[in-house]
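The structure appears below as C-alpha cells.
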Amino acid sequence: MKFPKEAEKYDMAYKPTKKELDKFPDIQNGPSSLIQGSKVEIQQVGMHNFRLPLKYKTRDEQILELETKVTGTVSLSAHKKGINMSMIIRSFYEYKDDVFGINALESILLSYKEKLSTFDAKILLKFSYPILQNSLRSNLDGYQYYDVNICADINKEGELKKIIHFDFVYSSACPCSYELSEYARNSRNVPVVPHSQRSVARISIQFEEDIWIEDLQELCINALQTETQVIVKREDEMAFAELNGAYLKFVEDAARLLYEQLINDNRIIDFRIICSHQESLHSHDAVSVLLAPNSSFSSDISHEFWSSLIHSS
C-alpha cells in the first residue's frame, strides 16, 4: 500500500478526541464470531512480569521501595474474544504510591475484575526482600535477600485467597558423612571433611491474619539454624562450622523441622514445604515435599519448579 506523502511523517501534535476514540476499532471487544478456535472459557489470561517499584511496610514500621515483577490475570468467558490487557497494568498504577499489602491487592483485584467484567482474578508479586543479618561472632551487619512471592486470588464467589511463597537458603551438613568422617579420623587418624551443601527451602503459606515476612524468616531460622551468612570473618567461619556440626540434617529432617514450626502458628491455615539439598557429594539433588494435614496445595512439583528453586540459591 502506498501512503500519501504527507502521512510519512509522525504527527506528534495529534491527540484524539473522545468522539474519535469511540470510533477506533476494538477487535478484542468485538462479536464472538471473531473468535478463532473453540469457543471455550479460558481460566487465566493477562500480563506477566511487568515491573514497577512498589512500597512495602516492614515489621518495624519502615517503608521499603522494591522493584517488583507483577503478574495479573483474569478468567475469560467463552463468548468473549479477549480482554483489555493494559487495564490490568493501569489498575496497578492507580495504586503505585500506596504501601502494598494484602488490602491493596484486594482493591486492585476488585478494580480490574469489575472493569474487565470477569469472574476470577489473580495477582502475583515477585520481589527480593532485604533483612539485616548480624554475623555470628564478629558483630558485623550485612543484608540478606529473600525471594518472596505474594499471591492473591478472588474467585467468582468473591472469596479472597492469600498465599506467600518464601525462599530460605541454608547449609545442610550430612549426618551420615559426619559419622563416617569421625570414624575414619578416630580409627585411622586421617584428616577428613564431612560434606555439606547450600540448600533451599521454599515454604508456601495460606493465611488470613496478617503475617510479616520477618516472621517467616525467623520461623525458618528457628527450624533450621544454619542460614547462609553475609559477613564472615575468621571467627564467623569457625562459628558456622560449629553450627553445622550442632545441627546436622538430611533433607527429610529439614522438612520435618519446618513442619514443626508451621503447624504451631495459628495465623497459618495451610502450607507446603519444599526442600532441596544441592549435594556436594552427588551430581544430583536430594528433595522433599511436605504438606499440612488436608492441604489444598499440590505435592506434584514440576521440573521447572525444581529448577526455579535451585536458581533461587
For the stretch 233-308 and the stretch 209-231, what is the centre-to-centre distance using only Cα atoms, to the nearest Å?
12
Mean ellipticity per residue at 222 nm, deg cm²/dmol - from DSSP H runs of n ≥ 4 across the chain, formula -39500 (n - 2.57)
-8500 deg cm²/dmol
Candidates 17, 73, 228, ranked by Gaussian network fluctuation over the chain, Cα under 10 Å, top entry:
17
Helix 213-224 against the longest principal axis of the chain: what's the angle in degrees, Cα atoms only, rounded to the nearest 10?
30
With each label point set 7 Å from Cα along the Cα-Cβ vector, what nm distance links residue 143 and residue 95?
2.5
Per q in 0.10, 0.12 1/Å, what log10 I(q)/I(0) does a Debye calculation on the alpha-carbon atoms of the chain return?
-0.71, -0.92
Between 0 and 90°, nearest 10: helix 175-188 axis offset from the chain longest Cα axis
30
Using Cα atoms only, what is the angle between the long axis of helix 234-246 and the major principal axis of the chain, expressed in degrees (0 to 90) to the nearest 10?
80
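Multiply the residue gap between residue 57 and residue 18 by 0.36 nm, knock off their C-alpha separation, and tell me the result in nm, one decimal place.
Numbers: separation 39, 0.36 × 39 = 14.04 nm, distance 3.97 nm.
Stretched out fully, the residue 57 to residue 18 stretch lengthens by 10.1 nm.
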Sorting check: for 137-148, 57-68, which peptide has the highest mean count of neighbouring beta carbons within 10 Å, and how do the rest follow?
137-148, 57-68
Extension length gain for residue 180 and residue 210 (0.36 nm per residue less Cα distance), in nm, is 6.2 nm
Along Cα→Cβ, 7 Å out, is where each label goes; now give me the distance between the ones at residue 187 and residue 298 in nm to one decimal.
4.7
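Rounded if a/c is under 1.5, else prolate if a/b is larger than b/c, else oblate: which is the stretch 135-313, with a ≥ b ≥ c the root eigenvalues of its Cα gyration tensor? Let's see the in-between values first.
Numbers: a/c = 2.40, a/b = 1.78, b/c = 1.35.
It comes out prolate by the Cα gyration axes.
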Taking a 18 Å limit on the Cα-Cα distance, which of the listed pairs 19/113; 69/122; 126/162; 122/156 fall beyond it?
19/113
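Ranked highest first by the average count of other Cβ atoms within 10 Å around their residues, in what order do 46-55, 292-301 fall?
Working: 46-55: 14.3, 292-301: 11.9.
In decreasing order of mean packing, 46-55, 292-301 become 46-55, 292-301.
FYI, it's all coordinate maths here, none of it is from the lab. In this text, all values refer to a predicted model and were calculated from it rather than measured experimentally. Positions of Cβ are backbone-derived with ideal geometry, glycine not excepted, and every protein chain shown enters the neighbour counts.
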